[in-house]
Each structure stands twice: as structure tokens, then as C-alpha cells.
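Here's the structure we're looking at; comments come further down.
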Amino acid sequence: MPAARVGSTKVGIYACGITPYDATHVGHAATYVAVDLLQRALRDQGLTVRYASCVTDVDDPLLERAAGTGVDWRELAAEQTALFGADMAALAVIPPDVYSGVVETIPATVDAVQRMLADGSAYRVPLEPGAGGATPELGDVYADLSGDGGFGNVSHLSEAEMLALFAERGGDPARPGKLNPLDPLLWRRERSGEPHWEAGSLGAGRPGWHIECAVIARTALGKDFDILAGGSDLLFPHHEMSGSHLRALAGGAAAPRIQVHSGMVGLDGEKMSKSRGNLVFVSTLRADGVDPMAIRVAMLAHHYRSDWEWSDAELRDAVARIEHWRAALSGAVAPPPDDAVAEIRSALADDLDSPRAIRAMDEWAARTLAGPKHDEEWPEGEPGVMARTVDALLGIRI
Ligand code: 5CA
Ligand code: ZN
């Protein structure tokens, strides 16, 4: 787990938010539970956490889904964002201090792109005929990565690997007119049928994905915030590019200090993803009467960095585990909890080792249910200490 910056008791965390369609599946939720665990561990160390997140409320796949289903994209985004909020509350995820939409951040993003154009870290690429409305001479804007010596330090991938992932994850390496195939889009001029916003000297259009998160994070947390978080599928290109934009906007100083990436949750042998459609939604589980705390325990049973598979058996194990804990917590007496609390704290301080923290709780529950040995005296009230510990540190309310 990241140590606090020397002399500072404040930690800024930015976690990329959802693109609001087909949300919230248990993969998304596992990533936000991991960030929540990080936040709880840092708070327990006496640090003040400022947590910011976003909602990518205009984006190609969202627009495609809205067009495909005949729903207004704004309605789809609003409805899915509300559902996400309800799911997160049920999973006891501490809400962000700052939660910004991409659409509401457009003025700040326009300002950032204009600054990058002015200082030479961005350039215009001519449009195809028919694009750009009344000002087709103003091209799309791309970041020029050639001046960024830090590019590649997040993912450490070869150029071939970068190109493959860039093409797979929303990039456009083959776009004619770019200086480097990897240069990412900062501002997309208006195209027929696509939403667009007035943007002064840029010409009407909408922002690129990576600059949005850079601007939201920087606005909420300042230029040298500590932690950028998300699932491992965001490592490249998204977080590599956002990191590069943050350096460009800060004139070289590096933010964030640390990147945290959670593993991918799969289903039936494949990553759970909107494009594959192999999704288990938190809201569906909740509607089926599944205890959200069991969903959370199923997630915490895996280390946040590992990839794992969602299954009914995982959920059944979590339900049984909660019942076991509940039985121990509902008694009047228990062994003094100091060792168990210390073990949970130490597990979390060791790169958020939640499986180890959970084992400590299992062992405490087993000992409690076994009852005191003949020479032991257990004070009253101790189960309450453990209940508050798992609530505060693991976010599990029983
Ligand atoms: N809006 C962008 C980030 S700016 C986005 O990636 N949205 S998302 O809805 O696709 O994903 C939201 C979060 O869930 C991201 O951190 C992503 O890395 C994570 N995520 C997506 N699929 C999975 C999965 N199968 N397992 C774990 N985390 C996942
Ligand atoms: Zn993001």
C-alpha cells in the first residue's frame, strides 16, 4: 500500500468512473470496492483522504447504445448513473468527495486543450469532408507525445504492444495526419448526428477520453495528487495517456505519484465486459434478494490485483462466511479482539491483503464460537469491537 507523502497527512485519490451504460456489473463494483478498501486503510492510518471520481457521460459506446435502443443518450446516462449510485451505497462504498461528469467539465477541458495547443504539446489534424460544421478548417486536436519523456513509464509496454492495445481500446492509430500513430485525441470536432459543444477557438466538438480524466482529477485534487486508480484494462492507453496530459498541463511536474490497478473479474472463462455481454449486474443480484454484504465479501475474498471469476459458488461461500461471522458477533462475549484487529490492520497495510484480513476474521469467529477454554475469562462487549472493526476497515456491516 502506498505510504503517505513525507510531511503530508492528505492523500488525493482519483478513480476513473463508469461509462453509464450496462452498469454496474460485478467487475465494475469490485474495482470500486478495491478503491474503497484503500480509502478505508488510509483513513485508518490517520490520513485525510480526498477522493474524486467521474462519470463518462458522453462517449462513443454510450452514444452507440443509446442510438441502438432509441433512448436519448442523456437519459440513458442519468438513469445508469443513478443505478450505479444505489449499487455503491448498497455495497457500502464511501462516496467520492468530488464526483464530476464529463459534460459539465467541458469548459475546463476546452481551456486545457487550448493551452496545450498554445504551448505546442498538441496539434490539429485536418478533418474528412463533411465534418466540422461551419468551421471545417479547424481540425480535430491530438496530443503530441514526442515531447513527453515520461511516456511509457506507467505500462512499460513495447511499441507493438501499445499499438495493439491502443487500437483495441478506443484509439485510432490509423488516422491519417497524425504525427505518431499513438497520439491520442484531445478534441473531436462536430460530426453529423453527434452531440457537440461550442468551444471558441477549438471549434464545436467534444473532448477525447484521456484528457477528460486528466482535467477532472487536476481540478478536484490539484496538480500533484497522489493516486490514480482503476481496473487493469485502464493501464494502457487510458492511464498512460492521462498521466502524459497531466504532465503537459503541469509543465513537467509529475502527477499522480502512484497508479493502482485492480484485476479483472471474469465470467465463464472471459473478462466480464460490456462488449462481450457476459455481465452479472449488482442491481440484478440485489433484486434477487442477495445480501449486498455477501457480494462485497465475495470481492474481498480475492486480492484486488488478481484476476478472478465470478460464480454462484463464490457467492454461496460469502453468504456462509457472513453467517459464521454473524453467529460469533451476536454473542455476548468473545476473546479479546486485539490480535484479530492488529492482524486485519497489518493485512491491509500489506498492499491491501483482504483475503488475509478475512481469514483473521474467520479465525476470530471460529475461536469465539468454540467458547472460552476452562481457564479463560472473556469480557463482555468484545463482539461489538469486532463488528465495528469489520465495518470501519472492511466496509462490512453485519
Ligand atoms: N469511464 C471509463 C473510465 S474513465 C471506464 O472505463 N468505464 S467502465 O464503465 O468501462 O469501467 C469502470 C471501471 O470498472 C474502470 O475502472 C474499469 O477498469 C473497471 N472494470 C471494467 N470491467 C471490469 C472487470 N471485468 N473487472 C474489474 N473491473 C472492471
Ligand atoms: Zn478515466
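The values are calculated or read from the model by the stated rules, or taken from the named source; none is laboratory data. What you see is a predicted model; the values in this text were computed from it and never measured. Glycine also receives a Cβ, built like all others from the backbone with ideal geometry; neighbour counts cover every protein chain displayed. Surface accessibility is based on the protein's heavy atoms, side chains included, excluding ligands, DNA and RNA. Shrake-Rupley method; radii C 1.70, N 1.55, O 1.52, S 1.80 Å.
Observations, loosely collected:
- Debye intensity ratio in log₁₀ form over the Cα atoms of the range 1-144, taken at each q of 0.09, 0.15, 0.19, 0.21 Å⁻¹: -0.42, -0.95, -1.15, -1.23
- Partners of Lys10 within straight-line reach, counting lysines whose Cα lies under 17 Å from its Cα and excluding those fewer than 8 residues away in the same chain: Lys223.
- Stretching the chain fully between Asp288 and Glu137 yields a gain of 48.9 nm (0.36 nm per residue, less the alpha carbon separation).
- Of all beta bridges that DSSP places with both ends in the range 48-206, some 70 percent have antiparallel geometry.
- Convex hull of the range 189-252 built on C-alpha atoms - directionally averaged projected area, nm²: 5.6
- Accessible surface of the chain [probe 1.4 Å, protein heavy atoms]: carbon and sulfur percent: 52
- Under 5 Å, built H, 5+ apart or other chain: amide partners of Gly266: Met272, Trp308, Glu309, Trp310
- In this simple spin-label model, placing a label point 7 Å from the Cα along the Cα-to-Cβ direction at both Asp362 and Ser346 gives a separation of 1.9 nm.
- Averaging the Cα positions of each part gives two centres, and for the range 36-87 and the range 145-212 these lie 22 Å apart.
- Against the main long axis of the alpha-carbon atoms of the chain, helix 73-90 sits at an angle near 20°.
- Helix 209-221 and the longest principal axis of the Cα set of the chain meet at an angle near 60°.
- Over the range 287-398, Cα pairs under 8 Å with separation of 6+ residues give a relative contact order of 34 percent.
- Calculated P(r) of the range 124-178 - Cα pairs past 14 Å, %: 66
- Relative contact order of the chain, defined on C-alpha pairs under 8 angstrom at six or more residues apart (%): 18
- Residues in the range 322-348 that a label on Glu376 would reach, taking backbone N under 18 Å of a point 7 Å out along Cα→Cβ: 324-344
- Rounded FRET efficiency, nearest 0.05, which uses the C-beta distance separating Asp338 from Arg276 and R0 of 51 Å: 0.65
- Under the criterion of Cα pairs below 8 Å and six or more residues apart, the relative contact order for the range 251-346 equals 30 percent.
- Global form of the range 102-234, assessed from the alpha-carbon gyration tensor, a/c cut-off 1.5: oblate
- Estimated from helical segments only, the mean residue ellipticity of the chain at 222 nm is -13500 deg cm²/dmol, where each DSSP H run of four or more residues counts as -39500 (n - 2.57).
- In this calculation the C-beta distance from Ile258 to Arg175 is compared with R0 = 45 Å, giving a FRET efficiency of 0.90.
- Most mobile of Leu234, Leu246, Leu179 in a GNM of the chain (Cα contacts under 10 Å): Leu179
- Kirkwood hydrodynamic radius of the chain, from the reciprocal of the average inverse Cα-Cα distance over all distinct pairs: 22.7 Å.
- The label point for Glu309 and the one for Arg397, both projected 7 Å from the Cα toward the Cβ, are 3.4 nm apart.
- P(r) histogram, all alpha-carbon pairs of the range 288-383 included - 10 Å bins from 0, percent: 16, 41, 31, 10, 1
- Simple spin-label estimate for Arg316 and Glu75 in nanometres, 7 Å along Cα-Cβ: 4.2
- Degrees, to the nearest 10: 159-168 long Cα axis against longest axis of the chain: 90
- Where the chain is the region considered: accessible area per residue in Å², 1.4 Å probe: 42
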